[in-house]
Amino acid sequence: MQKFKYIPLVIIVLFLLIYSTLTPQKKISKVIQAPIWILGDKQVNFTSNLPLVIIDTNNSYIKVKTPMVAKMSIIEPDENNQTKLNMATSYDGYISIHVRGSSSLQFPKKQYSLKTITADGKNENVSLIGMPKENKWILSAPYSDKTLMRNHLAYSKTREINEDKYYAVRSRFVEVLRYMEGKYNYEGVYVLMERIKRDKNRINIKKVKENKITGGYIMKLDKDVPKNIPLEYDENKMFYYVYPKPDKMTNAQKLYISEYLRDFQKALYSDDFNLTSSKNYYGKWIDVDSFIIHFLSREYFFDSDLWQFSEYIHKDEHQKLFLSAVWDFNSGMGNDNYHFKGSCSTLGYIQHFTGEPYTIASWIKRLMSDPIFYNKVKEKWSSLRDGIWSDKEMVLSIYKIKDQLKEPAKRNFKKWRKSIGHFVWPNRQTCRKPNGQKIYCKTFEDAVEYDLIYWLIRRGRWMDENL
């Protein structure tokens with residue numbers, strides 16, 4: 001019997017060996033070990049508290065709107081909240097990447113649009129830094145925003161309202177390194193974020209099939225309507241198709257969504273638009289709650305382009321029209337020297353915009369003329385101000401981000417030294433010298449305190465009194 005006493009141990013060892021060979025093992029990859037440089041300064045013992053995004057373009061420069069294939073690795077902080085180059089990657093794969101933007105193209109710090117792809121170039125849905133799987137992403141590059149946080153703050157505080165009902169993009173602060181010619185060039189603090197698109201975790205609408213016409217659809221109101229793809233009818237000429245792409249739609253589908261939008265606008269401007277018994281009642285055409293949330297986010301965070309550009313609307317199958325995700329706040333929250341000129345004491349929807357009455361601003365004007373809709377807006381605003389949008393909660397959220405960015409911001413403004421303490425369109429002079437003279441904020445901390453927080457508190461209190 002002595003010779004059989006080791007049999008159970010042998011069986012266990014064999015089982016573990018077989019199990020380990022059959023069970024998929026997590027791929028552990030590490031990036032090339034090379035020095036990191038911020039301009040001409042070599043960084044010694046570089047660590048971050050943010051995820052690192054490393055882009056290797058094989059010594060080629062990334063072009064504007066012309067995609068190229070590159071490699072991307074992501075390293076996330078460990079249990080000690082530190083990120084180092086010698087740590088394992090959480091993502092290591094191929095991307096298609098190009099420089100994106102419009103007015104931001106004038107800045108030296110470029111922002112990027114990218115897709116995660118397989119080695120043979122096919123789209124690959126992946127989860128990046130805890131965000132739901134997808135293949136389309138943006139590396140947003142805050143440059144004119146000296147606080148680095150306006151977009152992230154607006155998106156996250158809007159999503160907190162009711163993320164099951166109203167989608168706002170998810171975003172993560174990162175530091176970007178570009179691998180070229182045997183070294184890493186530090187590119188600064190970026191915001192890795194989702195793109196607005198149809199997806200069960202983003203704008204959750206049905207996929208359009210050829211034999212269906214009622215949805216789902218995503219449309220956009222913007223200044224640069226692509227040629228030959230605006231919606232039908234003069235009332236809709238400032239809107240264009242986002243999903244599906246027009247070349248993927250049947251004529252019947254294009255006609256359906258164009259007629260829906262046209263007929264909604266006709267109903268909205270009818271004499272009985274606010275009578276619940278009327279066929280023209282606006283609540284039969286739109287999801288009222290989504291309009292209210294969108295309205296309050298837009299007006300509170302107050303981007304200079306609100307109601308004019310980068311406005312998304314969508315409609316799901318057999319559902320009403322939604323105002324979709326808010327977008328683009330780099331020139332919001334007082335960072336605007338040309339349109340509202342930093343004012344915190346006006347409402348954007350009451351301004352006259354080219355294209356009235358067929359713009360979202362004019363829709364809001366009409367809806368706000370209905371006492372019932374107006375009171376719902378005021379009630380929602382009051383509930384937000386008593387909770388997640390109170391001065392206290394908003395300042396706490398900003399300070400939390402400020403602490404997170406404390407060290408990364410120093411590196412960012414060492415790299416982009418001309419963006420701090422100087423005019424960058426469309427900055428205003430919001431900080432002051434001891435003698436009271438207004439200046440451009442010279443530090444990240446001053447920009448947060450005397451630019452962003454100061455403006456938001458005044459904005460919230462003005463809306464308390466005047467909404």
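Computed from the coordinates by the stated procedures, all read-outs in this text should not be read as laboratory data. The model shown is predicted, which means the values in this text are computed figures rather than measured ones. Every residue, glycine as well, gets a Cβ built from its backbone with ideal geometry; the counts of neighbours run over all protein chains shown.
How large, in Å, is the stretch 158-286 by the Kirkwood hydrodynamic radius built from its alpha-carbon pairs?
Details: mean 1/r = 0.0557 Å⁻¹.
Here the Kirkwood hydrodynamic radius works out to 17.9 Å.
As a check on your grasp of the helix formula, calculate [θ] at 222 nm for the chain: sum -39500 (n - 2.57) over DSSP H runs of n ≥ 4, divide by the residue count, round to the nearest 500.
On the way: 8 runs with 120 residues, N = 467.
Dividing the helical sum by the residues of the chain leaves -8500 deg cm²/dmol.
Separation of the stretch 52-77 from the stretch 378-437 is 29 Å, based on Cα centroids.
Label-to-label distance for GLU232 and GLU317 is 2.2 nm, based on points extended 7 Å past Cα in the beta-carbon direction. Modelled label positions at ASN162 and ASP386, each set 7 Å beyond Cα in the direction of Cβ, lie 1.6 nm from each other.
Can you work out the FRET efficiency for the pair TYR454 and THR250, with r the C-beta to C-beta distance and R0 = 45 Å, to the nearest 0.05?
Details: r = 52 Å, r/R0 = 1.17.
My answer for the efficiency is 0.30.
Counting only the backbone N, which residues of the stretch 370-387 are under 19 Å from the spot 7 Å out from the Cα of GLU465 toward its beta-carbon? Hits in the stretch 370-387 for GLU465 at 19 Å: 378, 381-382, 385-386.
What is the ratio of the Cα radius of gyration of the stretch 217-385 to 2.2 N^0.38 Å, with N the residue count, to two decimals? Please list the in-between numbers first.
Working: Rg = 16.0 Å, N = 169, 2.2 N^0.38 = 15.5 Å.
That ratio works out to 1.03.
Averaging Cα coordinates gives a centre for the stretch 99-133 and one for the stretch 231-262; these two points are 27 Å apart.
When the Kirkwood hydrodynamic radius is evaluated over all pairs of different C-alpha atoms of the stretch 282-331, what value in angstrom, to one decimal, is obtained? One decimal place: 11.5 Å for the Kirkwood radius. With semi-axes defined as the square roots of five times the eigenvalues of the C-alpha gyration tensor, the equivalent ellipsoid of the stretch 64-103 measures 28, 13, 6 Å, largest first.
Averaging the inverse of every distinct alpha carbon separation and then flipping it gives the Kirkwood radius. What is it for the chain, in angstrom units? Kirkwood hydrodynamic radius for the chain: 24.5 Å.
Sequence-ordered 3J(HN,Hα) estimates for the stretch 437-442 from the Karplus curve with 6.51, -1.76 and 1.60 and θ = phi - 60° stand at 5, 6, 9, 6, 4, 8 Hz, glycine and proline given as x. Past the 13 angstrom mark, what percentage of all C-alpha to C-alpha distances in the stretch 382-436 do you count? The share of Cα pairs beyond 13 Å in the stretch 382-436 comes to 74 percent. Gain on full extension, evaluated as 0.36 nm per residue between GLN33 and LYS223 minus their Cα-Cα distance, stands at 63.9 nm.
With the simple spin-label model, which puts each label point 7 Å out from Cα in the Cβ direction, the VAL288 to THR66 separation comes to 5.3 nm.
Two decimals, Cα atoms only, Kirkwood Rh: what is Rg/Rh over the stretch 36-194? Each step should come with its number before you reach the end.
Details: Rg = 15.6 Å, Rh = 16.4 Å.
Rounded to two decimals, Rg over Rh is 0.95.
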